[in-house]
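Here the structure is laid out as structure tokens; the discussion comes afterwards.
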Amino acid sequence: MSYVQRVLQPDETLVYSTTRHWFVYMRAILCAIVGLALLIGSQFVPPEEPAAAKALLVAAGVVGVVTLWFWLIGFIDRASTEFAVTNRRVIYKDGLIRRRTVEMNLAAVESVDVDQSILGRILGYGEVRVHGTGGSWEPYPRISDPLTFRSHITARPA
């Protein structure tokens, strides 16, 4: 059961829920491409230079281990982060062992900003900043489909 499901109050319903964008795997993807290039490159080394082929294979193995590490970091980050809008609150939770939660009543929301880079617009991720009464604001980074998340916050009955 997700954190958001566990903290719902009586008569509170989940309106929209999302998580981090798959972009958190980008370092792992780039490392995998480098490792694959090293692995393929080792097959084109002339047979009279076995030490060079072996060095490329070892480098590919090291990059493979780094790829797995970056993938694990991305997996944990994505699996342990929740963004949700209920009929009463905006909820943000991240962390696996150390947990950080931010909850803001919808009535206290003054404005919602979305910041997307060019790559973020192409791939569908960005940062949402929720501004509350009294000048407080909470950033929600690397969120998947930030415009839909913003719409669910702002499209509530007056």
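Applied to the range 117-134, the Karplus parametrisation 6.51 cos²θ - 1.76 cosθ + 1.60 on θ = phi - 60° returns per-residue 3J(HN,Hα) values of 6, 4, 5, x, 5, 5, 8, x, 9, x, 10, 10, 10, 9, 9, x, 4, x Hz, with x for Gly and Pro. Between the C-alpha center of the range 40-67 and that of the range 76-134 there is a gap of 43 Å. Scanning residues 5 or more positions from VAL15 or on other chains, those with amide H under 5 Å from its amide H are VAL85, THR86, ASN87, with H placed 1.01 Å from N in the peptide plane.
Counting only alpha carbon atoms, the long axis of helix 50-79 and the longest principal axis of the chain meet at about 10°. Within the set of other residues whose C-beta is less than 13 Å from the C-beta of HIS21, count the net charge using Lys and Arg as +1 and Asp and Glu as -1. In short, +1.
Straightening the chain between MET26 and SER151 buys 42.3 nm, computed as 0.36 nm per residue apart minus the Cα-Cα spacing. Placing unit charges on each Cβ (+1 for Lys and Arg, -1 for Asp and Glu) gives the chain a dipole about its Cα centre, and among TYR3, GLN43, SER17 the Cα reaching farthest toward its positive end belongs to TYR3. Between VAL102 and LEU119, the simple spin-label model (points 7 angstrom out along Cα→Cβ) gives 2.2 nm.
Taking the average, over residues, of other Cβ atoms within 10 Å as the packing measure, peptides 55-66, 18-29 rank 18-29, 55-66 from highest down. One quarter of the surface of the convex hull around the alpha-carbon atoms of the range 1-117 equals 10.4 nm², the direction-averaged projected area.
Taking 1.306 mPa s as the viscosity and 10 °C as the temperature, the Stokes-Einstein diffusion coefficient of the range 82-158 based on its alpha-carbon Kirkwood radius rounds to 124 µm²/s.
No lab work stands behind these numbers, since they all come straight from the coordinates. Note that the coordinates shown come from a computational prediction; the quantities given were computed from them, not determined experimentally. Methodologically, a virtual Cβ is constructed for each residue, glycine included, from the backbone with ideal geometry; neighbour enumeration extends over all protein chains shown.
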